[in-house]
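Some notes on the structure that comes next.
The values are calculated or read from the model by the stated rules, or taken from the named source; none is laboratory data. None of these values were measured; they are calculated from a predicted model. So basically every Cβ, Gly included, is an ideal-geometry build from the backbone, and we count neighbours across all protein chains shown. Just the protein is used for accessible areas: all its heavy atoms, side chains included, with ligands, DNA and RNA removed. Shrake-Rupley method; radii C 1.70, N 1.55, O 1.52, S 1.80 Å.
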Amino acid sequence: MAVIEIKVPDIGDFKDVTVIEVLVKPGDAVKAEQSLITVESDKASMEIPSSHAGVLKELKVKLGDKLNIGDLLALLDVAGGAAVAAAPTAAPAAAPAAPAPVVAAQTAPPAAAASPSVAPVAAAAAAVATQPEHNPTVVTAGLPHASPSVRKFARELGVPLNEVKGTGLKGRITDKDIQSFTQSVMSGAVKTQAIAAQAPASGGSGAALGLLPWPVVDFTKFGPVERKDLSRIKKISGANLLRNAIMIPAVTNHDDADITDLEAFRVSTNKENEKSGIKVTMLAFLIKACVAALKKFPEFNASLDGEQLVYKQYYHIGFAADTPNGLMVPVIRDADKKGIFQISQEMGDLAKKAREGKLSPAEMTGAGFTISSLGGIGGRYFTPIINAPEVAILGVCKSSMEPVWDGKAFVPRLMLPLSLTWDHRVIDGAGAARFNVYLGQILGDFRRVLL
Ligand code: CAO
């Protein structure tokens with residue numbers, strides 16, 4: 001028999017956290033990374049995982065205990081080949097397992113508009129998609145009082161936590177509360193919540209916003225239907241998109257850029273470099289052109305932080321990539337320091353990784369501005385949703401040959417439709433119009449990038 005000590009891992013800045021939930025008992029078989037207890041500070045609640053698999057021999061803590069890093073939690077019998085440490089988080093035997101930081105979007109109920117910003121369109125979604133299923137230490141500040149496991153349970157059932165009355169310690173929501181809530185919904189006793197429970201991806205009942213309940217329709221009355229679960233990426237990005245659509249006073253300016261000469265240059269460049277295997281698309285030029293515009297109009301590369309604006313001095317550009325599982329937003333870092341070929345190559349690599357679901361969180365975070373290009377597909381204009389905490393996003397559609405008046409005659413020019421969505425709390429209409437005009441000038445004559 002090999003007995004090891006499980007101790008409180010490094011839980012960040014938290015001290016004297018209270019044990020509010022004990023999730024296991026002596027004799028239980030425990031998996032590596034399985035949550036043992038839930039602790040709560042005045043700001044957040046977290047689950048503390050086991051660093052190893054084994055059988056719980058003794059629990060050294062009880063409800064109400066105050067814990068700090070390194071405190072002994074439990075004795076675990078890891079005999080019988082069960083001594084498998086939680087790979088990414090566990091240090092050598094008996095050392096505390098380091099909790100993984102997890103974005104709050106994972107733990108938030110569907111309509112949790114206050115969850116920290118993550119890539120709107122997909123960066124968040126994608127970041128989450130690459131996280132392990134079990135997230136040992138989940139910070140849930142600013143959300144209804146409930147442990148991460150209860151939140152997970154609620155999410156699985158589509159129960160909006162903000163509508164559940166907690167009967168636990170200090171009004172905490174427990175598993176039982178979720179069960180009784182579900183029962184009351186099933187029995188018809190709770191009507192609007194029932195709708196929320198059935199339409200979590202639609203943002204709950206909308207009751208918090210004073211909206212009409214989400215329509216509940218039995219589609220089978222009208223014909224045969226098939227139900228499919230939303231992909232994990234769609235679920236998470238949906239919540240982020242909803243928050244960004246609701247919370248940002250967004251406006252979209254449409255414009256056109258004359259890319260006749262740039263397209264000719266792109267085509268000839270690709271011909272000359274056929275053997276290199278790197279294909280340059282318009283998007284690479286757009287990234288470079290946007291960097292120049294962001295330098296001229298720095299508020300487009302800023303983020304709101306309370307009553308302050310954070311101006312970024314780096315130029316990381318996100319680009320929306322369509323994947324079989326949903327939208328992802330990989331990020332080209334330091335695009336200002338890279339040439340068109342390098343950007344094209346990185347874009348190709350990142351888009352491939354995105355489609356294979358292999359992007360790392362680091363490859364999807366940190367963008368200051370995002371471009372969403374539907375140019376390879378079609379369309380004229382659209383209104384992209386800003387990728388908070390960014391403040392603007394550029395939508396691009398398919399270029400087309402159009403008659404343009406040159407002062408004497410109509411001449412055929414290749415025009416690229418641009419749709420710039422911007423946050424009116426940070427940017428004004430005049431600034432947005434100037435940004436588009438400047439972008440158009442650069443795309444019209446790319447030598448301006450050098451100025
Ligand atoms: N006008 C005309 N043609 C365009 C164009 C434009 N604006 N942009 C690209 N094209 C052409 C390319 O030149 C290429 O032509 P060839 O096959 O003849 O060489 C073709 O369209 C396909 O390009 P692409 O889409 O493979 O490459 P890209 O660099 O333009 O885009 C990527 C890469 C990953 C952004 C893209 O594949 C993608 O996923 N786009 C969808 C993004 C999206 O879904 N946005 C919506 C977000 S809101 O839901």
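Being touching a Leu at 6+ places or on another chain (Cβ under 6 Å) and either assigned by TED's automatic domain parsing to the domain that holds Ala433 or farther than 24 Å from Ser399 by Cα (or both) narrows it down to one residue among Phe265, Phe300, Phe319; which is it?
Phe300
When you check Ala292 against the structure, is it under 34 Å from the mean Cα position of the chain (by Cα) and either within 14 Å of the ligand (Cβ to nearest atom) or at pLDDT below 95 (or both), yes or no? Even if it seems obvious, please write down each step before you answer.
Details: under 34 Å from the mean Cα position of the chain (by Cα): yes; either within 14 Å of the ligand (Cβ to nearest atom) or at pLDDT below 95 (or both): no.
No, not satisfied.
Please give the number of the condition Gly357 fails out of (1) of a type outside the set (Asp, Glu); (2) surrounded by 18 or more Cβ atoms within 10 Å (Cβ to Cβ); (3) more than 22 Å from Lys279 (Cβ to Cβ).
(2)
Under 7 Å by Cβ, and 6 or more places apart or on different chains, what pairs join a residue from the stretch 425-437 that is under 9 Å from Glu299 (Cβ atoms) and touching a residue at least 12 places away in the same chain (Cβ under 8 Å) with one that is of a type in the set (Asp, Glu) and part of a helix (DSSP H, G or I)?
These pairs meet every condition: Val426/Glu299; Ile427/Glu299; Gly431/Glu299.
Quick one: how many residues across the stretch 386-399 are under 20 Å from Met328 (Cβ atoms) and more than 7 Å from the ligand (Cβ to nearest atom)?
Qualifying residue count, the stretch 386-399: 9.
Across the stretch 240-268, which residue is nearest to the ligand (Cβ to nearest atom) among those that are free of Cβ contacts under 8 Å to residues at least 24 places away in the same chain and exposed (fewer than 15 other Cβ atoms within 10 Å of the Cβ)?
Looking only at the stretch 240-268, we keep the residues that are free of Cβ contacts under 8 Å to residues at least 24 places away in the same chain, and these are 264, 266-268.
Applying the additional criterion that residues be exposed (fewer than 15 other Cβ atoms within 10 Å of the Cβ) yields 264, 267-268.
Numbers: Ala264: 13, Val267: 9, Ser268: 14 Å.
Once the filter is applied, the top-ranked residue is Val267.
Condition test on Val22, is it open to solvent by less than 50 Å² (accessible area, probe 1.4 Å), at pLDDT below 90 and within 25 Å of Leu169 (Cα to Cα)?
No: the conditions fail for Val22.
What's the number of the only condition in (1) in contact (Cβ under 8 Å) with a residue 60 or more places away in the chain; (2) crowded, with 20+ Cβ neighbours inside 10 Å; (3) within 8 Å of the ligand (Cβ to nearest atom) that Phe319 fails to meet?
Failing condition for Phe319: (1).
Does Val217 satisfy the criteria of being open to solvent by 20 Å² or more (accessible area, probe 1.4 Å) and at pLDDT 85 or above?
Yes.
If I filter the stretch 269-295 down to residues being closer than 20 Å to Asp336 by Cβ and of a type in the set (Lys, Arg), which single residue comes out as surrounded by the most Cβ atoms within 10 Å (Cβ to Cβ)?
Lys288
For the stretch 362-414, which strands (runs of 3 or more DSSP E) that fit wholly inside it have 1 or more residues that are open to solvent by less than 60 Å² (accessible area, probe 1.4 Å) and closer than 27 Å to Ile246 by Cα?
Output list reads 369-373, 392-396.
List the pairs whose first member sits in the stretch 400-413 and is of a type in the set (Ser, Thr, Tyr), whose second member is open to solvent by 60 Å² or more (accessible area, probe 1.4 Å), and whose Cβ atoms are under 9 Å apart, counting only residues at least 6 apart or on separate chains?
Ser400/Arg380
For Thr421, which of the numbered conditions (1) in a strand (DSSP E or B); (2) in contact with a Gly (Cβ under 9 Å, 6 or more places away or on another chain); (3) within 24 Å of Ile278 (Cα to Cα) fails to hold?
The failed condition is (3).
If I go through the stretch 320-360 residue by residue, how many of them are under 28 Å from Phe265 (Cβ atoms), part of a loop (DSSP other than H, G, I, E, B) and aliphatic (A, V, I, L, M)? Can you show your working first?
From the stretch 320-360, those under 28 Å from Phe265 (Cβ atoms) are 320-322, 329-352, 354; that's our starting set.
Next, only the ones that are part of a loop (DSSP other than H, G, I, E, B) stay: 320, 329-330, 333-334, 338-339.
Imposing the further condition that a residue be aliphatic (A, V, I, L, M) reduces the set to 320, 329.
Counting residues in the stretch 320-360 that are under 28 Å from Phe265 (Cβ atoms), part of a loop (DSSP other than H, G, I, E, B) and aliphatic (A, V, I, L, M) gives 2.
Considering only the stretch 327-346, state which residues are within 12 Å of the ligand (Cβ to nearest atom) and surrounded by 22 or more Cβ atoms within 10 Å (Cβ to Cβ).
Within the stretch 327-346, Met328, Val329, Pro330, Ile332, Ile343, Ser344 qualify.
Within the stretch 300-316, can you find the residues that are open to solvent by less than 80 Å² (accessible area, probe 1.4 Å) and part of a loop (DSSP other than H, G, I, E, B)?
Gly306, Lys312, Tyr315, His316
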